[in-house]
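Contents: one structure, followed by commentary.
The values are calculated or read from the model by the stated rules, or taken from the named source; none is laboratory data. No experiment lies behind these values; they were computed from the predicted model shown. A quick note on method: Cβ atoms are made from the backbone with ideal geometry, for glycine too, and the neighbour counts reach across all protein chains shown.
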Amino acid sequence: MALMEGKKAQDWINLVLAVCLFVSPWIMGFVVESVPAWNAWGAGVVLGVLAIATLAMFAEWEEWASLIVGLWLIASPWLLGFSTSPNPMWTHVVLGVLVTALAIWAVWDERQHPHAHA
């Protein structure tokens, strides 16, 4: 049961990160910069949906999808051209690192304890 609770904790943390990402344009003051703001909103929604889906019923592909979102967040300031704007750039990179680390942890945990979610 403790393994399942740990997995649920990972999913709840991911949901909190999704909310943080979604509100970050307002909190960090880059709501007027459309590209990073829309990127944060879109990635926040995708991450939130993945977290809710994983909370409802675990599937490893959802963790891999979260990993892709995390990597996208890390790379997006350079790919979308807002790397020179510190607030959105660091918001995306820091949250991207956290999402990526959480996804790697969840996949590793699943590989170590494959039936813990059942």
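Under the condition of being without any contact (Cβ under 8 Å) to a residue 24 or more places away in the chain, part of a helix (DSSP H, G or I) and over 24 Å from W64 (Cβ atoms), which residue from the stretch 14-37 is farthest from the chain's Cα centre (by Cα)?
Ranking the qualifying residues of the stretch 14-37, first place goes to S34.
I want to confirm something. Restricting to the stretch 79-115 and keeping residues that are part of a helix (DSSP H, G or I) and among the β-branched types (V, I, T), which single residue is farthest from W64 (Cα to Cα)?
Applying the filter and picking the extreme gives T91.
Across the stretch 68-100, what is the number of residues that are within 9 Å of the chain's Cα centre (by Cα) and either crowded, with 16+ Cβ neighbours inside 10 Å or modelled with pLDDT under 95 (or both)?
Total meeting the criteria: 8.
Please tell me if S76 is more than 15 Å from W12 (Cβ to Cβ), among the small types (G, A, S) and assigned to a loop (DSSP other than H, G, I, E, B). Lay out the reasoning, then the answer.
Numbers: more than 15 Å from W12 (Cβ to Cβ): yes; among the small types (G, A, S): yes; assigned to a loop (DSSP other than H, G, I, E, B): no.
For S76, the condition - more than 15 Å from W12 (Cβ to Cβ), among the small types (G, A, S) and assigned to a loop (DSSP other than H, G, I, E, B) - is not met.
Which of the following residues is among the small types (G, A, S) and at pLDDT 95 or above: A59, A37, A9, A51?
The unique qualifying residue is A37.
Identify the single condition in (1) touching a helix residue (DSSP H, G or I) at 6+ places or on another chain (Cβ under 6 Å); (2) in a loop (DSSP other than H, G, I, E, B) that G48 does not satisfy, given that it satisfies every other one.
Answer for G48: the failing condition is (2).
Taking the criterion of being under 14 Å from the mean Cα position of the chain (by Cα), without any contact (Cβ under 8 Å) to a residue 40 or more places away in the chain and more than 23 Å from K8 (Cβ to Cβ), would at least one residue in the stretch 42-51 satisfy it?
Looking through the stretch 42-51, at least one residue is under 14 Å from the mean Cα position of the chain (by Cα), without any contact (Cβ under 8 Å) to a residue 40 or more places away in the chain and more than 23 Å from K8 (Cβ to Cβ).
State yes or no: is T91 over 21 Å from P36 (Cβ atoms), in contact with a helix residue (DSSP H, G or I) (Cβ under 9 Å, 6 or more places away or on another chain) and of a type in the set (V, I, T)?
In short, no.
Run down A53, A59, A106, A65 and say which single residue is surrounded by 14 or more Cβ atoms within 10 Å (Cβ to Cβ), farther than 17 Å from M28 by Cα and touching a Lys or Arg at 6+ places or on another chain (Cβ under 9 Å).
A106
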